[in-house]
Amino acid sequence: MEDKVKWKRILGWVLFLFAIGFFSVQMGYLLLHERYQVEYIDNQLFYIINMLCVFCLALSLWLLLKLRQKQKIIITSIGFVFIMVNTALLVNSNQQINNITSISPNLKHVFSVKENVTSGEAIYYQSYYGILARPKEVLSNRIDGEYKVEWLADDVAVLTYLAAGGTIQQFIGTYGDRKDGMSYYYVGAEIHGDWQGDHVEVTSSPEGITVTENNQTELFPWENIHQFGTLAIILKKDNEAVWTIVLKENFEVHSDASKPTVGNISLYKATMDENQPIMLNYKK
């Protein structure tokens, strides 16, 4: 009996500390939001943390205090109402903002795009410290239908979506570097030469990048190639995304062009159908 009471009190204090922790997180967020205009990486987090805070607090009071039945009912009722209100606010928030959120395979990065349902404006957010983010870039094309997110490397995520007019567009979030992180370089120049994959060949030359798939060859001039960060490029045709090329984690960027090319690149087709990226090896 004494052990049961002891564990009951320990659990109560643990839940109480969790409640204080969630409350501190919310206060810190409100302060940072006001001072630095940061937001949660996903707007739903604000309401979820509120509900967790109240749930932990109510349960800890149940375990730590000797409450009468009437007091238990009051605490439970207040907690239930608070959670229901936040649930309603969460649903309303989702009707105003469409959160497109995806966590990287190594759990180190979060890709986040927030779309205003009314205006159609979609903004890419750069994540900081996991759950916080600041707006970085407005997507040039409005999301007007289906979308999907695929991680082509542990630090590269590509959003493929249908835009106005039924065109397919892509947007890439990058969170790393293949050099020293201090200098900018061009992906197209770094992959100069011929690359081979399953039924696919890629050639980067002064004229642009050529992709050969199933014996069908297409040249993408440099003016139709758009770079994101220092890790990925999108090949476009008629203002529509066709391919994405990404430097894989093992790719080495050299300042000296005479050094041999080391590593792989990944080729990903812009389509709303289910598809997988193609790994390419350097030929020459």
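The values are calculated or read from the model by the stated rules, or taken from the named source; none is laboratory data. If you're wondering where the values come from, they're calculated on a predicted model, not measured in any experiment. Every residue, glycine among them, receives a Cβ derived from its backbone with ideal geometry; neighbour counts consider all protein chains shown.
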One residue is enough: does the range 181-196 have a residue meeting the conditions in a strand (DSSP E or B), at pLDDT 90 or above and more than 18 Å from LYS259 (Cα to Cα)? yes
For GLU34, only one of the following conditions fails: (1) touching a residue at least 12 places away in the same chain (Cβ under 8 Å); (2) acidic (Asp, Glu); (3) surrounded by fewer than 15 Cβ atoms within 10 Å (Cβ to Cβ). What is its number? (1)
Filtering the range 135-158 down to residues that are in a strand (DSSP E or B), out of contact with any helix residue (DSSP H, G or I) (no Cβ under 7 Å at 6 or more places or on another chain) and farther than 19 Å from MET279 by Cβ yields PRO135, LYS136, GLU137, VAL138, ILE143, GLY145, GLU146, TYR147, LYS148, VAL149
State which residue is farthest from ALA270 (Cα to Cα) when the search covers only the range 196-250 and only residues that are of a type in the set (Gly, Ala, Ser) and out of contact with any Ser or Thr (no Cβ under 7 Å at 6 or more places or on another chain). SER205
Return the only residue of ILE48, ILE78, ILE100, ILE73 being assigned to a helix (DSSP H, G or I), touching a residue at least 40 places away in the same chain (Cβ under 8 Å) and of a type outside the set (Phe, Trp, Tyr). ILE48
Can you tell which of ASN94, ASN141, ASN86 is modelled with pLDDT under 90 and out of contact with any strand residue (DSSP E or B) (no Cβ under 6 Å at 6 or more places or on another chain)? ASN94
In the range 165-196, how many are over 29 Å from ILE103 (Cβ atoms) and outside the structural domain of ILE225 (by TED's automatic domain parsing)? 2
If a residue must be among the polar types (S, T, N, Q), assigned to a strand (DSSP E or B) and under 15 Å from VAL156 (Cβ atoms), how many such residues does the range 197-248 contain? 2
State whether the residues of the range 212-219 include one that is of a type in the set (Val, Ile, Thr) and within 28 Å of the chain's Cα centre (by Cα). no
Checking LYS114 against (1) outside the structural domain of LYS8 (by TED's automatic domain parsing); (2) over 30 Å from ASN264 (Cα atoms); (3) in contact (Cβ under 8 Å) with a residue 40 or more places away in the chain; (4) in contact with a Gly (Cβ under 6 Å, 6 or more places away or on another chain): exactly one of these is not met. Which one? (4)
